[in-house]
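Worksheet: one structure, shown below.
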Protein chains: 2
Amino acid sequence: MDSDYGVPRELSEVQKKRALYQPEVPPCLQGTTVRVEYGDAAIAADPAGAHVISQAFPHTYGQPLAHFLRKTAVVPDAKVISEHPAVRVGIVFCGRQSPGGHNVVWGLYEAIKAHNQSSKLVGFLGGSDGLLAQKTLEITDEVLSSYKNQGGYDMLGRTKDQIRTKEQVNGAMASCQALKLDALVIIGGVTSNTDAAQLAETFAEAKCATKVVGVPVTLNGDLKNQFVETTVGFDTICKVNSQLISNVCTDALSAEKYYYFIRLMGRKASHVALECTLQSHPNMVILGEEVAASKLTIFDITKQICDAVQARAEKGRSLSLVYDMVEHHLTLLSFKWPFVGVLLILFTDKNHGVILIPEGLVESIPELYALLQEIHGLHGRGVSAENISSQLSPWASALFEFLPPFIRKQLLLHPESDDSAQLSQIETEKLLAQLVETEINRRLKEGTYKGKKFNAICHFFGYQARGALPSKFDCDYAYVLGHVCYHIIAAGLNGYMATVTNLKSPVNKWRCGAAPISSMMTVKRWSRGPSATQIGKPAVHMASVDLKGKAYELLRQSSSSFLLEDIYRNPGPLQFEGPGADSKPISLCVEDQDYMGRIKKLQEYLEKVKSIVKPGCSQDVLKAALSAMASVTETLNIMTSSSTGQTPL
Amino acid sequence: MDSDYGVPRELSEVQKKRALYQPEVPPCLQGTTVRVEYGDAAIAADPAGAHVISQAFPHTYGQPLAHFLRKTAVVPDAKVISEHPAVRVGIVFCGRQSPGGHNVVWGLYEAIKAHNQSSKLVGFLGGSDGLLAQKTLEITDEVLSSYKNQGGYDMLGRTKDQIRTKEQVNGAMASCQALKLDALVIIGGVTSNTDAAQLAETFAEAKCATKVVGVPVTLNGDLKNQFVETTVGFDTICKVNSQLISNVCTDALSAEKYYYFIRLMGRKASHVALECTLQSHPNMVILGEEVAASKLTIFDITKQICDAVQARAEKGRSLSLVYDMVEHHLTLLSFKWPFVGVLLILFTDKNHGVILIPEGLVESIPELYALLQEIHGLHGRGVSAENISSQLSPWASALFEFLPPFIRKQLLLHPESDDSAQLSQIETEKLLAQLVETEINRRLKEGTYKGKKFNAICHFFGYQARGALPSKFDCDYAYVLGHVCYHIIAAGLNGYMATVTNLKSPVNKWRCGAAPISSMMTVKRWSRGPSATQIGKPAVHMASVDLKGKAYELLRQSSSSFLLEDIYRNPGPLQFEGPGADSKPISLCVEDQDYMGRIKKLQEYLEKVKSIVKPGCSQDVLKAALSAMASVTETLNIMTSSSTGQTPL
């Protein structure tokens, strides 16, 4: 099997040109000497969970943040790492392939070799299976040559997603020891980084010398927290999907007879769907987070879509209906819609449209989620798929029987290893299209809908984007993260994730650092169904779309014009040169993140106060400082104690 | 409704840059004066059909070819068109949207205005419906501004595909007369160009002054003959699809657990599937033309795929099986495969793969075609879909009952206006995936298949490519065709199609001309089922993939390595700058077409003979010429009389 991996291969013209692209690194990582500044000990964002986390991770929780600075940076306590003994590092792809993954390997390789030519980087073949079986491939220039800036994980492969059971963890430790690894780098999303943190803790406990480092790589964009602004692959996936969505919008507008229902890969959270909507302006998007917040049933959603279809099909007289619907959509965040006048001019009858559906939607719809939980519970008790329907509760059974056969079959699939449904296999878009068609036909008969025949075409966009050539942004981000991994290793840190922040700025403004993975964890306190067994276990959980965030606000501001005016926008196919080549996710650029920058800024202020208010300063200065600091402290106290301390599911 | 069309709209950065792109025109069309050279009268390629065609098109069959040359070209009989009175021209999008269509309008507009500022170009809104209803939009710089080099047909829209019934033809004539059009330009594929020829004939017969011009625009690439090398949109569609197929290949290779079955839009012929295979090297493609030539049943195809899956899953010992299978695949063209040795080194067990399926495949499989014909016959007799299954012949009924429910429902759909099945709606890829899964599971139980669990994921790639931003090639080709349309109109030609040939060379080598559409027609002599009513009617028929052509040969040469070695190739997303931006379809470049160039070259030779062998030349020269020409004539006579004179379906 090994002979397939890392074999140089024939590339197309575009691939060849891409293979020659050399990503920049920010100034702090240029040259061979880097200064490390340690911040305060990092804590979990959720104070109520902190205690549980610190107990579960006695060796690795509460470690300080690390900032990597240029050699010449004037920071009093920063330490220059000048010794670079040869190291042996292993790297493994965990979880689903995400564009840019290869560049993490490349960046790490470059940094390792730049600091000591005798250092070695080995890749595990076939993901976690290869890690346990000690199947490795030494990374060399030749191996990398045809994988630089290329998509997929095919240089090394990947299989199972998890390294979680005692057996797996011990197997991984045995491999690391047998191969005498100084460090193990795990490339993956929330699940794999949780595993990385657990490995780090276990290794530390067992005094295994291998340090574990995580890297945030997942197309879902759902590994997102105060330290991590976005993940490698998200930009590419959104660009490729947005291109296709835009093409479909143009198609809809040209033919004027189809409603396209497009389901987007991206797991439970709706980040991909949100970003794609901001990129290509389809008529509607049903965000799982909105549905969950408003507790919309499948019938509510169907009605919403039908109202939209009806409103689009009718002229002036339907305006009040449109208004009601849009208003309903917006009352969620108590926002009133003042542009009815504009609509009168722009709105003409339309019998086409494009509706986006995140693959996680099915788990956001309360009654379907409850049904899935019952099904998964029965699976967990060993009931076979064909017998499940007869053992459902009367309520769940009624819902189940109502659903069309194709979706019943899909709901009965065995859940994934993390207890979630097999989202990629459940065709929610077809379910909705069918329900909408039935309802529109009913309204047509009844006479309330007077538009043309409703024609739906369904698509699932996912697999065709996952192996794409990574965008420039993902190439750069991944490559820099690879470099950061090396510096984490050189600093001897364990249980950290490589971070690059201030990403919306140009590369020369990017900040490089590392944060303990355990400080990104939260503790879930309630759950229903079989996943209840996981309760109380700290983990890096996926981040939902923030309904109070700026990206969502941007969507909200435009949703009525998206719905009615067909202001479709085509970002075009992913470009590597010319306009668009340097673009970044809109949701990344509008969010004002730079948490790591602010943490540093705060430190500077505190230092400044200290340096001004030294023993011997005037009484007035001291009084002023005390009074100001008292009020600051009080405000912060109030703010932090008012947090509920509970992280809902 | 009208207010939606031609409205300037907001463009993305990439779209804006594209809108500024100015396609070249070849030297012959530069400047305002063009010389027209008329060739000999064009005849239909099929001599047996010629008589039928000439009877059906008494006014428009047998007209000469036209070549457009630069003003300074030294050609004795060429006529310079120096008068350019103001003209009124109408243009209409017919049939499915194809990337580049907008540029035909732009090119025509530029040429019209360059020759007389008082000329007018009007677009019909909503396709043929707009033509009949006289709904027009005057094309202006402002209207064009945000549609230059952009995809879709949304500047003008399109609806119904045909202008065929007496009512429709008369309606179109009434519109042309009411709007005082000097010419009507029809943008479309085989069906629409057949309609264009019919309109031209009817207009000529009725002494209507409007000349009709056709333009070859269809994503299917199936309007292809001695005069037409490829169609506008084909390149873009293949590029967008190839990108996605390649991404899926990378995905398959990264995850190593899925077989992807991808159906490609492209109607009955397999041009899109062939080109995409040459671009991205998936493991297998099932060309409809191969299936039809070998009369493979759905079970044969299933077996072929299963053998491939099995061979890929096994190592060394399965080589003889592989060899057999590949040999079977190749015996079609009596080709033996000498590379077994190579295989031993490269071949390792694989549990993933990518298989392409043209949407027309279902009509190429003999028993499914027969079933469809029965179903369509019953539709034609007014039997409703729910009653059809009970009225099928015993044989057809048995097949029908064997098929899974989803495909039964799709086969029962009402046929399209040209009597073909609704190919875009029939999920042949799912049918094959299901049959293959069943068979592989059987072999697994039996012990003949020893690979991993077979997992299929199905995709239909079509709608997501149709609205794409056109490639540079399609932008240029369409723009030049638009210019050619003007010169056809200025020359007063009727029933012609605009042609640009020698397309594989750079734009400055392109040849511009026009050929009577009727000379591209053929006459079908047999058929089964309801379409038998069309028999004997000349039409521009879609061209199948030529199994003796160079593109197919190229595929054949590589098919064994594609199948077993995973030499996937990613042409990358469609680029507008840098490498790949100027690429053209592989199938266009390998075919040695340039028919128009050769026709001209032949004329030159004949002229040369005439000029050498003038009265007064020596007896020897005359004798030599006579003897040489006698043998040439004889050879050609034998060649043309040996043609069967029949065009099979």
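At-a-glance table
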{"quantity": "Within the stretch B:495-519, considering residues that are open to solvent by 10 Å² or more (accessible area, probe 1.4 Å) and part of a helix (DSSP H, G or I), the one nearest to B:F234 (Cα to Cα)", "calculated": "B:V507"}
{"quantity": "Residue ID - nearest to the other protein chains (Cβ to nearest Cβ), chosen from residues in the stretch B:260-270 that are open to solvent by 10 Å² or more (accessible area, probe 1.4 Å) and not aliphatic (A, V, I, L, M)", "calculated": "B:R267"}
{"quantity": "Boolean, B:S631 is under 30 Å from B:F68 (Cβ atoms), assigned to a helix (DSSP H, G or I) and either open to solvent by less than 90 Å² (accessible area, probe 1.4 Å) or at pLDDT below 85 (or both)", "calculated": "no"}
{"quantity": "Qualifying helices (runs of 4 or more DSSP H) (wholly inside the stretch A:287-367; at least 2 residues being of a type outside the set (A, V, I, L, M) and modelled with pLDDT of 50 or more)", "calculated": "A:288-294, A:298-313, A:319-331, A:361-364"}
{"quantity": "Failed criterion for B:Y21 (all others in (1) at pLDDT 90 or above; (2) away from chain A (no Cβ under 14 Å) hold)", "calculated": "(2)"}
{"quantity": "Filter result (open to solvent by less than 20 Å² (accessible area, probe 1.4 Å) and farther than 22 Å from B:G580 by Cβ) within the stretch B:247-259", "calculated": "B:A252, B:S254, B:A255, B:Y259"}
{"quantity": "Qualifying residue in the stretch B:111-121 (condition: open to solvent by less than 30 Å² (accessible area, probe 1.4 Å), more than 27 Å from B:F473 (Cβ to Cβ) and away from every other protein chain (no Cβ under 14 Å))", "calculated": "yes"}
{"quantity": "Answer residue from the stretch B:588-619, given it is part of a helix (DSSP H, G or I) and among the small types (G, A, S) and is surrounded by the fewest Cβ atoms within 10 Å (Cβ to Cβ) among those", "calculated": "B:S611"}
{"quantity": "Residue in the stretch A:419-437 that is on the phi > 0 side of the Ramachandran plot and surrounded by fewer than 21 Cβ atoms within 10 Å (Cβ to Cβ) present", "calculated": "yes"}
{"quantity": "Residue in the stretch A:435-450 that is farthest from A:K303 (Cα to Cα), counting only those that are β-branched (V, I, T) and in a helix (DSSP H, G or I)", "calculated": "A:T438"}
{"quantity": "Residue identified as away from chain A (no Cβ under 13 Å), at pLDDT below 95 and under 23 Å from B:I286 (Cβ atoms) among B:T438, B:T428, B:T448", "calculated": "B:T448"}
{"quantity": "Lone unmet requirement of (1) part of a helix (DSSP H, G or I); (2) open to solvent by less than 100 Å² (accessible area, probe 1.4 Å); (3) under 30 Å from A:N502 (Cβ atoms) for A:A624", "calculated": "(3)"}
{"quantity": "Top-ranked residue in the stretch B:239-259 [being within 21 Å of the chain's Cα centre (by Cα) and aliphatic (A, V, I, L, M); ranked as nearest to the other protein chains (Cβ to nearest Cβ)]", "calculated": "B:L244"}
{"quantity": "Qualifying residue in the stretch B:404-426 (condition: assigned to a loop (DSSP other than H, G, I, E, B) and among the aromatic types (F, W, Y))", "calculated": "no"}
{"quantity": "Test for A:V75: is it open to solvent by 10 Å² or more (accessible area, probe 1.4 Å) and touching a residue at least 40 places away in the same chain (Cβ under 8 Å)", "calculated": "yes"}
{"quantity": "Answer from B:D235, B:D195, B:D182 - the residue that is surrounded by fewer than 24 Cβ atoms within 10 Å (Cβ to Cβ) and of a type outside the set (F, W, Y)", "calculated": "B:D182"}
{"quantity": "Total residues in the stretch A:154-191, condition modelled with pLDDT of 95 or more and hydroxyl-bearing (S, T, Y)", "calculated": "1"}
{"quantity": "Residue among A:Y38, A:Y61 that is among the hydroxyl-bearing types (S, T, Y) and buried (at least 24 other Cβ atoms within 10 Å of the Cβ)", "calculated": "A:Y61"}
{"quantity": "Single residue of A:G157, A:G130 found to be touching a Gly at 6+ places or on another chain (Cβ under 6 Å), within 14 Å of another protein chain (Cβ to nearest Cβ) and crowded, with 24+ Cβ neighbours inside 10 Å", "calculated": "A:G157"}
{"quantity": "Subset of the stretch B:549-587 [without any contact (Cβ under 8 Å) to a residue 60 or more places away in the chain, open to solvent by 30 Å² or more (accessible area, probe 1.4 Å) and either under 17 Å from the mean Cα position of the chain (by Cα) or away from every other protein chain (no Cβ under 14 Å) (or both)]", "calculated": "B:K550, B:E553, B:Q557"}
{"quantity": "Search result, residues across the stretch A:93-110 that are farther than 13 Å from A:M155 by Cβ, more than 12 Å from every other protein chain (Cβ to nearest Cβ) and open to solvent by 10 Å² or more (accessible area, probe 1.4 Å)", "calculated": "A:E110"}
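So that you can scan it fast, the table gives a plain yes or no per residue for (1) over 22 Å from the mean Cα position of the chain (by Cα); (2) under 25 Å from B:H59 (Cβ atoms):
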site: B:G126; (1), (2): yes, no
site: B:L137; (1), (2): yes, no
site: B:T140; (1), (2): yes, no
site: B:Y147; (1), (2): yes, no
site: B:M155; (1), (2): yes, no
site: B:G171; (1), (2): yes, yes
site: B:Q177; (1), (2): yes, yes
site: B:T191; (1), (2): no, yes
site: B:A200; (1), (2): yes, yes
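The values are calculated or read from the model by the stated rules, or taken from the named source; none is laboratory data. All figures in this text were calculated on a predicted structure; none of them were measured in a lab. Heads up, the Cβs are rebuilt from the backbone with ideal geometry, glycines too, and the neighbour counts pull from every protein chain shown. Ligands, DNA and RNA are stripped out before the accessible areas are found, and what is left, the full protein with its side chains, is counted by its heavy atoms. Shrake-Rupley method; radii C 1.70, N 1.55, O 1.52, S 1.80 Å.
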